[in-house]
Amino acid sequence: MLPIYPFCTMTGKLITFEGPEGGGKSTQARLLTEYLRSKGIRVLTTREPGGTPTGEIIRDLLQNDLSKEPLCDATEALLFCASRAQLCSHVLAPALERGDWIVLDRFTDSTLAYQGYGRGFDVERLRVLNAFATGPVTPVLTFLLDIPVQKGLERAIARSGNKDRIESAPVDFHQRLRDGYLEMARKEPGRFAIVNATQPIECVSAEIRRILHTRLDIPGVVASV
Ligand code: T5A
């Protein structure tokens, strides 16, 4: 593989939020960002797919049937990775090199869960694709906001009033990807933290802060939340 970033000097920290639909990733990413900023940490927050002008166009293609042509599963996987490559190269890598923290709503694990466990692509091949897109950009901590499929979909639909292209996929697709997330988290406990996302918003965010303090050093903060 091409060495996209031959000299890695990334001193920042990347924290990702992952999970099935409606787990509250966007809500918790916002709350965590506010919390870190209140501690004086320089934090950038963004989302996938998207986060760059090119990525936002890709997001529209992926979510809103913009091309009016059914996307084949391989195109879908490649588009998520294309958006990721653009975000890593233009936003995440420079921020990490500046020493900033990043709170990111979905990243590589989404591709493994949705396109791997969900659509049925080989997960190891998708890892190679992810690595091609990310170079050395790697999360230090990943919160898996776990929620039963039906409950998560109900929340997502209640919020937006309709289902987008991926939310409209059959329930067994969503069940496979949720199971996939849990399997990945069990295999990589040093990076993942599973959080029960069915709790009230404030309880979820308190648990996230507690985990944050046990896993990472927050500059200038003695561990009390
Ligand atoms: N995708 C993405 C792939 O297939 N492969 C990939 O590689 C990548 C990167 C992205 C879609 O693309 C797929 C996954 C997705 O289908 P999106 O619009 O970004 O689409 O959708 P999601 O990331 O799934 O985000 P959602 O907006 O659907 O859900 P969130 O972010 O988990 O939830 P949030 O915070 O927006 O909350 C949803 C609703 O629930 C409420 C909120 O107020 C809101 O109304 N809520 C709670 N209610 C009760 N209790 C709580 N604890 C709550 N937390 C939030």
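The values are calculated or read from the model by the stated rules, or taken from the named source; none is laboratory data. Given the structure is predicted, the values throughout are model-derived calculations rather than measurements. Here the Cβ positions follow ideal geometry from the backbone for every residue, glycine too, while neighbour counts run over all protein chains shown. All accessible areas refer to the heavy atoms of the entire protein, side chains included, with ligands and DNA or RNA removed. Shrake-Rupley method; radii C 1.70, N 1.55, O 1.52, S 1.80 Å.
Brief remarks follow.
- All Cα pairs of region 103-220, percent lying beyond 25 Å: 28 percent
- Overall form of the chain per C-alpha gyration tensor (a/c, 1.5; a/b vs b/c): oblate
- About the centre of its Cα atoms, region 1-94 shows a dipole size close to 640 debye [charges on the beta carbon of Lys, Arg (+1) and Asp, Glu (-1) only; nearest 20 debye].
- Paramagnetic label zone (point 7 Å from Cα along Cα-to-C-beta, Cys72; backbone N under 18 Å) in region 102-132: 115-116, 119-122, 126
- Applying 0.36 nm per residue to the separation of His213 and Gln150 and subtracting their alpha-carbon distance, the gain on full extension is 19.5 nm.
- Compared with the alpha-carbon gap, the fully stretched path from Thr11 to Val140 is longer by 45.3 nm at 0.36 nm per residue.
- Largest-first ordering by accessible area, 1.4 Å probe, given options Arg155, Arg98: Arg98, Arg155
- Using the Cβ of Ala82 as centre and a radius below 12 Å, the other residues enclosed give a net charge of 0, where K and R count +1 and D and E count -1.
- Taking all Cα pairs closer than 8 Å and separated by 6 or more residues, the relative contact order of region 1-141 comes to 40 percent.
- Using heavy atoms of the protein chains and a probe of 1.4 Å, the accessible area assigned to Tyr117 is about 50 Å².
- Dipole magnitude (debye, nearest 20) for the chain, charges at Cβ of Lys, Arg, Asp, Glu: 560 debye
- Top of Glu48, Glu188, Glu56 by mean-square fluctuation, Gaussian network on the chain, Cα under 10 Å: Glu188
- Area accessible to solvent at Thr27, 1.4 Å probe radius, in Å²: 40 Å²
- Around Phe107: net Lys/Arg minus Asp/Glu count, Cβ-Cβ under 15 Å: +3
- Surface exposure of region 53-166, expressed per residue as accessible area with a 1.4 Å probe, stands at 44 Å².
- A probe of 1.4 angstrom, applied to the heavy atoms of all protein chains, finds His213 with accessible area near 30 square angstrom.
- Other residues whose C-beta falls under 13 angstrom from the C-beta of Glu69 contribute a net charge of 0, scoring Lys and Arg +1 and Asp and Glu -1.
- Estimated distance in nm for a label pair at Glu34 and Arg165, the labels positioned 7 Å out from Cα along Cα-to-Cβ: 3.3 nm
- Extension gain, Ile157 back to Asn196 (0.36 nm per residue minus Cα-Cα distance, nm): 12.1 nm
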